[in-house]
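Structure first, commentary second.
Read the figures in this text as sums done on the coordinates, not as results from a lab. Bear in mind that the values here come from a model prediction, so they are computed numbers and not experimental data. As a convention, Cβ positions derive from the backbone with ideal geometry for all residues, glycine included, and neighbour counts pool all protein chains shown.
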Amino acid sequence: MTEYANHEPRSTGRDWPLVGRDAERDRVLDLLTVSGCTAGCTTGRAEFVVVEGDAGIGKTRLLTEIAEVARRRGHPVRTGCATQFQRTAPYSLVADVFAETLTEHGAVDEPSWLLGVRRQQLHRAARQELAGLPSGAAALVTLDDVHWADQASLDLLAYLTSNPPDAGVVVLLGCRTKRWPPALQAALARNGGVRWSRLEPLRPADVDALLPAEPAARRRLLHQTSGGNPLYLTILAHAPDEALAELARSPASVDDQVGAGLDRAITAELAALDPVELAVAAATALAGEDADLDMLAHVADVDLVATAAAVDALAAKDVLSSRTGRLDFRHPLVRAAAYRLAGPAWRLNAHDRAARYLRRRGASPASQAPHLVHSARLGDLDAVDVLVAAAQRMLANAPATSVRWLRTALRVLPDEPALTERRAWRGVSRAEGLVLYGQLDRGQLALWDVGGARDRVPASGIPLVGRTTRVAGA
């Protein structure tokens, strides 16, 4: 876990206004106005509006805002929301919307009996309940997270979509992109008059409006790192700039503040995956975007056929994506959440499996080192050689990474007399990396840490001693 200076955000997602969604909000509110019976009920039947978008893009926030404004304007409003934990509870999505009908027909107490004719009767009664809502101002029904809906609710929605009641009512559905239940999607297509709205990422100007007190450069960094996703922006608003810059590099680099946001917002989604899917998701997070199915199977410790099936399932659930031609997560924060959810012991063993797999395949030291940093054990001299070779390759361009790998090499290298000179070499290399990274005092201390091997420090280290001493004393 990388430690950074604390960053105190000037705003939190809880008090942010709705931005970048004016057109979508006003479109539904205008439809409510022209659909009311005081305007002559010009539509003659219920209107269906669909709001879809990626996870965290702000569908729930938009539906909530529309409902609040509609209530203030005097429209009857009924709301429902599905959850992944109620998918086996019949009518859980629409329980509050059609409470009268469901109670009258015994659907709440005896859902398993609602088959055949009785289910058709309930569907017709629900249609009549919508038609019987108070006239004068069009009613609004919002149903959120339809992709989590139970089958009974989906059957009822499909019926209502195919047989809209003659009423001034607007039914607003929120669903995740590419996650529409097939039967409902087919019914919406048959309706012909459904209005579809896809929420796009926030623009830089929207982030400016949300975080006006933040420096402009930080607002640009937050927009870039979040991808304009409001949920991810909320999580990252607490992160220091260094953490934002490192997020895409490694899922292990998130700090505690960002990690807490992941646990609240994303981990619950991943926790609903089955064990094989979760293992493959964690393996993908750990192995990185260059991993093929064979490597994922080895890292996840799952057979190849099951791995391929899990990858397809994760792509269908929008956890993984191949938009760039490589297998990756829909966002680096989802990758970080999958990595954290796996657990420290699993990650240690999985990093070891990844390092061994790459070594057998003849991968470069730089490819093996990120896994050895987490899995190398005391006395593994082969791992020490790989880490040192990788660190030397990265020293000029990425001294901080080089220092991290060398620190691991020194930790793994036993403190034995026969290895004293070897430790001295590693210590000098680490000191040089610290100097290049700008950590002059730490570089000087690292040289003194060579200790009793000072008389055996390689000649290449002598100029470094002089350089760090002169710079530190300047």
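About its Cα centre, what dipole magnitude does the stretch 61-215 give when the only charges are +1 on Lys and Arg Cβ and -1 on Asp and Glu Cβ, stated in debye to the nearest 20?
460
Along Cα→Cβ, 7 Å out, is where each label goes; now give me the distance between the ones at residue 396 and residue 203 in nm to one decimal.
A separation of 4.4 nm, rounded to one decimal place.
Projected onto the charge dipole of the stretch 233-310 (+1 at Lys/Arg Cβ, -1 at Asp/Glu Cβ, origin at the Cα centre), which of 302, 251, 267 gives the Cα projection farthest towards the positive end?
267
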